[in-house]
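Bear in mind these aren't lab numbers, they're just calculated from the coordinates by the rules spelled out. Because the structure is a prediction, the values reported are computed rather than measured. Cβ atoms come from the backbone with ideal geometry, glycine included; neighbour counts cover every protein chain shown.
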Amino acid sequence: MTDAVALLGILWIGLTLYTVLGGADFGAGVWHLVTGRKPGGPYDPARERDLLEHTIGPVWEANHVWLIFVITVFWTAFPSAFGAFAATMYIPLTIAALGIIGRGAAFAFRKATDVGWQFKAYGLAFGISSVLTPFVLGMIAGGVASGRVPPVIGAGDIIWAWTNPTSIYTGLLAVGSCAYLAAVYLSRDAEREGEPALAEAFRRRALGTGIGLGVVAFAGLAILRTDAPQLVHGITHRGLPIVLLSLVCGAVSLILLARRRLAAARVVAAATVGTLLWGWGAAQYPILLYPDLTIDRAAAYPTVLRTTLGVIAFSAVLLVPSIAWLLGMFQRREPAGE
């Protein structure tokens, strides 16, 4: 394995972590947006929002560490590919950045106000940003996967590169994946917090969203066949084993949800989305940008690659235990009376 391939693998691990952790946070915002306003069922909608905010509050900003990590490794290890990517995708990248900032500001300001209309406005802004941001990030991924980011700076269509049929499809897939992960995670969190009605509500949402996501995923293959044939070829050849694994994980996660095995469903749901991402990576390997920019051609100088690997290894000693401790600490149920 070359240093360039190793760094790409590390980058993809970071992207996977951002997808299954940060994606669930975005999904919580999606459910925050669609939650009812008035009590009228087995639980109070206000309690649902409290659970959503309690679940994501301690870790939502920490998850953006992985996005920053991915961007940093991308431009350091593969500068020519990053330059072409950023030059073509600067509009959706800016929209996504504004969405992340707006989402964070709205979440914080909502906690700091007791004025009714401001409270509602910040909640609405938080929810809309939680839908918009993963949708745009998914559109960016679709543009890359469909070969609309040429390896030459300034050669790409800065509008069609991210508004094409494949990008719309992957944007919807991204939002659906976020909502699915969030519903699965929240069903387990509600169960752990002693909220059986909320746990059941999120379990049903997870089942419905998971089935809908599967339908969208299969229906979108018709779009990919005509709009991104090289991606379909990769998925049905090199990436096929991983894509099939994702399908199996998806089916198992739905079975676990149906049987109310919420803790296990949480792990398998994350594996479903994560393996789908790796299936895309395998389908496109060793191409970074179509038609012919390979990993080796896009890689930085060997000295830069080795130094980057060393810095990542050193940083991982600090970062990984810290993130694991943070996540683990807030997964433990507080003793009664605290």
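Descriptive notes on the structure:
- Along its principal axes, region 285-331 has C-alpha extents of 46, 24, 9 angstrom, given from the largest down.
- Each 10 Å bin from zero holds the following percent of Cα-Cα pairs in region 71-152: 18, 37, 24, 15, 6, 0.
- The H on the amide N of residue 193, modeled in the peptide plane, is under 5 Å from the matching H of no residue at least 5 residues off or on a different chain.
- Along the axis of the charge dipole computed for the chain (Cβ charges of +1 for Lys and Arg, -1 for Asp and Glu, origin at the Cα centre), the listed residues 51, 278, 106 are led at the positive end by 51.
- Stretchable slack from residue 109 to residue 285, in nm (0.36 nm times residue separation minus alpha-carbon distance): 59.0 nm
- Region 42-194: radius of gyration and largest Cα-Cα distance (Dmax), Å: 17.9, 57
- Long-range tail of P(r) for region 127-176 (Cα pairs > 13 Å, %): 51
- Residue-wise HN-Hα couplings along region 130-137, as the Karplus relation 6.51 cos²θ - 1.76 cosθ + 1.60 with θ = phi - 60° gives them from phi, are 5, 8, 4, 5, x, 4, 5, 4 Hz; Gly and Pro carry x.
- Relative pair counts by distance (%), Cα atoms of region 209-319, 5 Å bins: 2, 11, 14, 16, 15, 13, 12, 10, 6, 1, 0
- Rounded to two decimals, the Cα radius of gyration of region 80-124 over 2.2 N^0.38 Å is 1.69.
- Over the chain: helical MRE at 222 nm, DSSP H runs n ≥ 4 each giving -39500 (n - 2.57), nearest 500: -26000 deg cm²/dmol
- With R₀ set to 22 Å, the beta-carbon distance separating residue 319 from residue 6 gives a calculated FRET efficiency near 0.80.
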